[in-house]
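Heads up: the structure comes next, in structure tokens.
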Amino acid sequence: MEIKVLKLGTVCRDKATKLEGTLTHWVIDMGQRVYYLFQPKGLNDDCQPLSKLFFEGERLDIKESDFEIVDVPFEIIGSTVTNKSSGFTGMAVGFIRHINGCFHVEIQPEGTSPKTKMPIRKCDFDLRDCIGDKIVELPKPELAESKVRTPSPTGDTVERPLPRDLS
């Protein structure tokens, strides 16, 4: 499915906070809603980057040339997916696009944790390291070239607020 999204790496201004920053990720959920991760320019008092903000594109002061069309394998959403490296399995509930171009799939396992009795937390994984009925695996040469062209970051999980926190 082709979707129109803001290009990652776009420098823009958040209309609400008036902060300037860069779009570093976008997320698409099961309802085909797109949200962006916005890194404000600047450092905090501990000399660390300001906290990223997560919101819809309507908050951004952008122009038409800031958009692009991206092909998203939306047919995977709702299907069962397994991360090959860890064995983590569940329903594909969303995609995350990283600034370098790689796609991660969000996997939500069923059930609760035996230890906490809370729902098992979803995790995101590089789509290229996942298998499932709806996932087309790339041949080894194409996979290797894809990982060079659009490497997957490590340790940069996108923590999305609950829908009620997005208002």
So which GluC sites (Glu not before Pro) in the stretch 33-118 pass both tests, a DSSP loop state and at most 11 other Cβ atoms within 10 Å of the Cβ?
-> GLU110
Scattering profile of the stretch 2-71 at q = 0.18 Å⁻¹ [log10 I(q)/I(0), Debye over alpha-carbon scatterers] = -0.67
Compactness of the stretch 62-159 as Cα Rg over 2.2 N^0.38 Å, two decimals | 1.19
What list of ³J(HN,Hα) values in whole Hz, one per residue of the stretch 101-107 in order, does the Karplus curve 6.51 cos²θ - 1.76 cosθ + 1.60 (θ = phi - 60°) give from phi, with Gly and Pro shown as x?
-> x, 6, 9, 10, 10, 8, 10
If we sort 14-20, 116-122 on the protection proxy, mean other Cβ atoms within 10 Å, highest first, what's the order?
-> 14-20, 116-122
Distant-in-sequence amide H partners of CYS123 (H built 1.01 Å from N, under 5 Å) = ILE107
Percent breakdown of C-alpha pair distances by 5 Å bin, ordered from the shortest bin, for the chain | 1, 8, 16, 19, 20, 15, 10, 8, 3, 0
Contour minus Cα-Cα span, ARG13 to ILE69, at 0.36 nm per residue, comes to 18.0 nm
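Where a number appears in this text, it was derived from the coordinates with a stated rule and is not lab data. Bear in mind that the values here come from a model prediction, so they are computed numbers and not experimental data. With ideal geometry, Cβ positions are generated from the backbone for all residues, glycine too; neighbour counts draw on all protein chains shown.
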